[in-house]
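Since every read-out is calculated from the coordinates, none of them should be taken as a lab result. Keep in mind the model is a prediction, meaning the values are calculated, not measured. We place every Cβ from the backbone using ideal geometry, glycine too, and count neighbours over all the protein chains shown.
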Amino acid sequence: MARLSYGTAARIATRELHSSRGKFTFVIMSVAIGVAALTGVRGFSSAFRTTLLLRARSIMAADVAARTNTPATPDQQAGLKELTAAGNEESPVTEMLSMASSTTSLDPLLVSLKAVDPAKYPFYGTVVLEPAIPLKQALTDTTVAVGDDLLLRLHLHVGDSIKLGTERFRIAAVVEDEPDRLSGSFAAGPRVLLTQRALAATGLMAPGSRVTRRYLFKLPPAKPGQALSDAAVAALKTKLETLLPEAQITDYREANPALTKALDGATGLLSLMSLVALVLGAVGVAMAMRAHLQQRLDSIAIMKSLGAGSTQVMKIYLMQTLLLGLGGGVLGVVLGIGVQMAFPLFLAKLLHLTPSLRLDVHAIGLGLGAGLLTTLLFTLPPLLDIRNVRPILILRRNVEASDDPFTTRMLRKLKGSIAQIVASVFILAGLVLLATRVSDSRQVGEWFAGGLVVVLMVLLAMSAVMLWLLRVFLRGTRLHLPSSLRHGLANLYRPGNPSAALLAALGLGVMQIAAVYMVQRSIVNEMHVTTMENVPNIFLIDMSTDEVMGVKVLLSQQASVKGTPEIVPVVSSRLIAIKSVAMDKLKLQHMGRAGQSLNLTWAPTADAPPPGDKVVEGKWWTAQMAADSASHPLVAIERGRANRMKVKPGDTITLSAQDDRMVATVAAVYEADSRHTFSRAEFILPEPALAGLPVVWYGGVHCDPGATAMLRRVLYEHFPTVTVIDVAATLEVIRQVLLQVTYVIQFLAAFSIFAGIVILASAIAGTRYRRIREVVVLKTLGATRPRIATIFSIEFAVLGLIAGAVGLVFANLLARELLLRVLHFDYQFQPWMNLGTWIAVAMLTVVAGWMASHRVLGQKPLEVLREE
Amino acid sequence: MGASGSGKSTLLGLLAGLDDPTSGTVALNGTVISNLAEDRLAQLRGRTIGFVFQSYQLIPTLTALENVLLPYELNDDSGGQKAGLERARELLVSVGLSARMDHYPVQLSGGEQQRVALARAFILRPPIVLADEPTGNLDTVNGEHILELLLHLNHVEGTTLVLVTHDPALAAHARRVITLRDGLVVSDVVKAAAPPVSAPSVGL
């Protein structure tokens, strides 16, 4: 046997490609659609994420921030220097309360100072000033920018001067908006923005004064065309945690809880969709290749009878597979780029965002690689089957005939399939590898890859069991059933029929499509709630008890105020001990000294958590327990805080307020909802427990974003001592980002679902070639077209119903696990949606089968006389 | 009879209405079929013609019994399944497959498959049975056996049997032999009487 060169193999392979162009076009299209879905979703989602994260960073003005109340030790300063030497940019922000006075009237006023380095601050976002001048120009060593409430209260104007400590400063501008207002301190008093050097010059930073420092970091820019890697951010975060053990370190993804969740959800979902696109593409390839190879059996038998060895034939078909995979892959990448470019055009009106139209080399490589690899991986087992194709096939079909018992047959089959099994193991390994490469969220990738293997096995097993049950059922009843139904059902388990494979593929497809839909729906629902109108965007700090009523009345008279203002009592307190261990004996990280001073509050209702808060551990107290709380104090703690303090329900904490000590038992741990003002306090006690302690009130109210300046002015006039913090601009940024996330994930989900349906439909369509002969025989025997159509419809409907049922069960499981465990969103079983999907799957299967069989039905029965 | 490519299959296709003639008309049992709609034609064909093919053409998903029953189900609207079932069983017994009724085609040998096909061709007692090289895929012993069965059934059921072959030995069994070459009828010989039919030997 002469060795077949790869060149000759390729020539024979291409020759065959030429001969049946129609069928091969179908295979190439299947590969292309899969690869296009992957490249399109991947490319666009990475571009979108980059843009989105840039906005998220502006909320913190940095990539990573470390917030501490203790000045840096020399060691720590050296450590910070090292970090900047490594390419990170660092800029300190110092915040403190101080007194300011007008240089003309000498009226004193409590102000909240914020010292920055205008050369670097902010790394992301902009400080909006009035007049609109750059921050660098406004802040010099002798000038400051102030909040408009300061001008109002001290009767000053831009250009006038104020005195801070020992120095005088000219007011250069009014601060309209700071990007990091939400992540800074919510302190009382109008804002005064100045440079670090100016602050040093005032002499206010005497030892012992309460100063909060935030070190803002910006990572070195990533390589052009690449998103900032999450790993680099995490690495810097870890370094800072070791360097500044008492500091609270946050990265840009944690700047706002709603935003963090949205980003996590979107990232997870986008990963899921990429993976789904990958697997569905692979399914498309696998089904197309299977049908294709079935068709080639004759050619293979002929080649073998002409003296070709298995290796040679395999070489030829390997070349052919590679050509098809490559052709489909290239076409798919081109299509994918088209899709990727079309997304922003579709979304332009909704998003006001233009993801850079650069080609993501990574995504293209991945798409091409995935197309080729899956083509190979999924065709290797059937290709290995070539070794078993006996040349006798050329003379006779159906040479395989055996009456052996089932087990012996299975054993023999298993022995004969070792190569296939080994190849299958490689398939799975390859898939896992691809899945981890494709996934932005490692967790989603791991869950998916692990789940995929299990689900595929279970699906195959379940399909086999279903078919077996069907067979048993038919055995018992078959001759009593109407003949079309019987024939339709019998078609499902024809010998050598890929029903089990098709069922598994369909089930897998349904599972993934439905899971994408469910996860998407859950995330979008939650984000719609988050972007609701009534999120407080104006905060009122330091109201006295006798001002509260007046503020409420004033707010209710403002047309721009939406909803009821939430006004929360706050009692200042210090944490003395946890579980009877004094604080200075405890080594808790990231608590710092500031961690020991806490805000206590009580809920408006005696026996239920305040609006928006949800108990996650323990139980809320009853009205009776609340009434007894003066003698037996209880406390509910916000989850994050409870975790940092390492306390659980049943533990005790010792608090001191106004020199009174109180040992409170932790009754519950709750999750705060950042939309409510109550999330400002992390410790909730029953009201009687706090009776008699000095209270200040905090308020939160939603105001039309355009009218906040007006509201501020009205409040200053009537309640000059109340500090008003306006975060409307920041919240608007968050709201926009959230909206964009929902639009994009809905759009991408719709796209993946559509692509999935196309791929599944084409997988079904791929079975049409094996029907031709059968249609012809039936016609010859006198079957009308409606009759044949009925038989096929029953077959497809049953296929769709089984695949839909299995797929939906797993879709719910997958969506539930992903939502609850990985992404921390709510999961709710939706019976109607599931029922609707089930019916839709069955109907779509029938329609796809119909469309595929349409041409087959028109086949002239004369074929029956022509030997195959 | 005729050699490969002489037009045997084309003629058979036209006779059974499996293909449309480019010119002229085809009448089946007195009905002009060349202008019938496809589905009407299928029904007419189902009732009038039984087929036996060289490569059996059984439906792989149906058992032997179901394959035999299929024309009955496709063409009988009376719903009298029982009568059909009985007839199918009888026919299978008469071709010696009483023990293989619930087997699938892949579980049957070529000869057995062709016997199922024979039973299927006769189930509706069609006036005409078309057999296209019915022994072409079989060895001599099986081939002879099938031929015996075919002729026997033909005799018992009283159908018109049209047998297509290139084998003169097979053609020798016919009362009328039409020879084709290059699409043309070159001879049409009618014999006085058919040779005697030996009783079929059932069971191989």
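Calculated over segment B:8-190, the projected area of the Cα convex hull averaged across directions stands at 11.0 nm².
Stretching the chain fully between A:Met99 and A:Ala132 yields a gain of 9.2 nm (0.36 nm per residue, less the alpha carbon separation).
For the pair A:Ile418 and A:Glu817, a Förster radius of 41 Å applied to the C-beta separation gives a FRET efficiency near 0.75, rounded to the nearest 0.05.
Once backbone amide H atoms are built at 1.01 Å from N, A:Val615 has A:Glu671 as its partners under 5 Å, excluding neighbours fewer than 5 places away on the same chain. Listing A:Ile316, A:Ile576 from fewest to most neighbouring C-beta atoms within 10 Å gives A:Ile576, A:Ile316. Highest average first, the peptides A:621-628, A:484-491 ordered by how many other beta carbon atoms sit within 10 Å of their residues are A:484-491, A:621-628. Comparing segment A:631-674 with the 2.2 N^0.38 Å rule of thumb, its C-alpha radius of gyration ratio is 1.18 (two decimals). Distance between the pseudo-spin-label points of A:Lys562 and A:Arg785 (7 Å out from Cα toward the beta carbon): 5.8 nm. When B:Val93, A:Val339 are sorted by how many other C-beta atoms sit within 10 angstrom of their C-beta, beginning with the fewest, the order is B:Val93, A:Val339.
Available extension along the chain between A:Lys120 and A:Glu717 is 211.4 nm, counting 0.36 nm per residue and deducting the alpha carbon span. Restricted to Cα atoms, segment A:538-726 shows a radius of gyration and a Dmax of 17.4, 53 angstrom. Per residue of B:31-39, other chain Cβ atoms within 10 Å of the residue Cβ number 2 on average. Shielding of peptide B:58-70 by partners, expressed as the average count of other chain Cβ atoms within 10 Å per residue Cβ, is 5.
Average projection, convex hull of the Cα set of segment A:601-641: 3.1 square nanometres. Among A:Phe747, A:Phe810, A:Phe473, the order by Cβ neighbours within 10 angstrom, fewest to most, reads A:Phe473, A:Phe747, A:Phe810. Evaluating 6.51 cos²θ - 1.76 cosθ + 1.60 at θ = phi - 60° for every residue in segment B:61-72, the Karplus couplings come out as 8, 10, 6, 4, 4, 5, 4, 5, 6, 3, x, 4 Hz, glycine and proline recorded as x. If R0 is 51 Å, what FRET efficiency do you get for B:Ala172 and A:Ala750 from their C-beta distance, rounded to 0.05? Calculated transfer efficiency: 0.10. How much FRET efficiency would the formula 1/(1 + (r/R0)^6) give for A:Ala582 and A:Ala464, where r is the Cβ-Cβ distance and R0 is 45 Å, rounded to 0.05? Working from the Cβ atoms, E equals 0.10.
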